[in-house]
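*Asks:* My questions will all concern the structure given below.
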Ligand code: AMP
Ligand code: MN
Ligand code: MN
Ligand code: MN
């Protein structure tokens, strides 16, 4: 039997990726992924197209979304897998996230205008083409207008915490997000846990709260994690009896370090999130 290769975290241009859902799926298939989740930020609009493309490419598509969550002053990302994309409660929740993003976007835009970057809100919306508005769209605008040399630079100069256009957002808490995910029959996974720069005790606190709220998984094998971080997350996974997930967080073929299918292995000690999938 051919190997099963999982990549359970990726983005299309329906959020802040650059490829269409079809092109993301085709790239996954080309790279040898056999079970692939499309997990656009706060949106499931690409799933229908991705499912068709997956059928044609002969791979399995897991319907998902990556939801922004507020926890103790931090912004945490929860990847929801195997969601029913027609569930009314999930769709209503995601619509509220879309509105939060627009409200935040206006404030980010004002901040950037004050920095002499022109009408960044209009520019970013134009780049997002009416879809989910993310900080990456502001990043692309800033690069396009010559205010930053690339997107990481735009984040560092303007968009991250402590920088002039950073805008805190009151994302819903874990309990609320879990209601949407449960209503849609999905499994919730904490995305890229090492990226939040939480202290060990805060991370443990997060995992306890998440587990208590009904969360099931931890993205142990993330392309952005070091070997040591993968091991650390694997240990936490066992300690809190969470299931391990794996994903590249693919956005853009130019970002080769997070190319689709570039997913480290899950340490053998972990129980994978796909254990009970058929
Ligand atoms: P948002 O959900 O709109 O707040 O934006 C978060 C997204 O921005 C992440 O999913 C990444 O795609 C991107 N991102 C976050 N931090 C950085 C960074 N330092 N450099 C480049 N991209 C980043
Ligand atoms: Mn993103
Ligand atoms: Mn994320
Ligand atoms: Mn992501």
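*Asks:* Please identify, among 207, 142, 198, the residue showing maximal mean-square fluctuation in a Gaussian network model of the chain using a 10 angstrom Cα cutoff.
*Replies:* 198
*Asks:* Rounding to the nearest 10 and keeping the result within 0 to 90°, find how far the Cα-based axis of helix 21-30 lies from the longest principal axis of the chain.
*Replies:* 50 degrees
*Asks:* Anyone know which of 238, 182, 86 comes out most mobile in the 10 Å Cα GNM of the chain?
*Replies:* 86
*Asks:* Calculated FRET efficiency, residue 88 and residue 277, Cβ-Cβ r, R0 30 Å, to nearest 0.05?
*Replies:* Values: r = 25 Å, r/R0 = 0.83.
Efficiency for this residue pair is about 0.75.
*Asks:* Per the helix-only calculation at 222 nm, which mean residue ellipticity applies to the chain, given -39500 (n - 2.57) for every DSSP H run of n ≥ 4 and division by its residues, nearest 500 deg cm²/dmol? Walk me through the intermediate numbers first.
*Replies:* Values: 9 runs with 107 residues, N = 278.
Counting only the DSSP helices, I get -12000 deg cm²/dmol.
*Asks:* Could you work out the relative contact order of the chain? I mean the mean sequence separation of Cα pairs under 8 Å and 6+ apart, divided by the number of residues, in percent.
*Replies:* Numbers: 558 pairs, mean separation 54.3, N = 278.
This gives 20 percent for the chain.
*Asks:* Under 20 °C and 1.002 mPa s, how fast does the chain diffuse according to Stokes-Einstein, given a Kirkwood radius computed over C-alpha pairs? Answer in µm²/s, whole number. Each step should come with its number before you reach the end.
*Replies:* On the way: Rh = 18.9 Å.
It diffuses with D of about 113 µm²/s by this estimate.
*Asks:* Give me the one-decimal nm value for the distance between modelled label points at residue 179 and residue 56, 7 Å along each residue's Cα-to-Cβ direction.
*Replies:* If labels sit at residue 179 and residue 56, their model points lie 4.0 nm apart.
*Asks:* For residue 239 and residue 144, calculate 0.36 nm times their separation in residues minus their Cα-Cα distance, and state this gained length in nm to one decimal. Could you put the intermediate results ahead of the total?
*Replies:* Numbers: separation 95, 0.36 × 95 = 34.20 nm, distance 4.60 nm.
Contour length minus the Cα-Cα distance gives 29.6 nm.
*Asks:* Rank 45, 228, 119 by mean-square fluctuation in a GNM of the chain with C-alpha springs under 10 angstrom and give only the top-ranked residue.
*Replies:* Answer for the Gaussian network model of the chain: 228.
*Asks:* Using Cα pairs under 8 angstrom and six or more residues apart, how large is the relative contact order of segment 65-154, in percent? Walk me through the numbers before you get to the answer.
*Replies:* Values: 83 pairs, mean separation 14.2, N = 90.
Over segment 65-154, the number comes to 16 percent.
*Asks:* At a 10 angstrom cut-off on C-beta neighbours, averaged per residue, how do the peptides 62-73, 246-257 rank from highest to lowest?
*Replies:* On the way: 62-73: 21.6, 246-257: 19.4.
Listed from highest to lowest mean packing, they are 62-73, 246-257.
Bear in mind that the values in this text are calculations on the coordinates, not laboratory data. Note that this is a predicted model, so its numbers are computed, not measured. Virtual Cβ from ideal backbone geometry, glycine too; neighbours counted across all protein chains shown.
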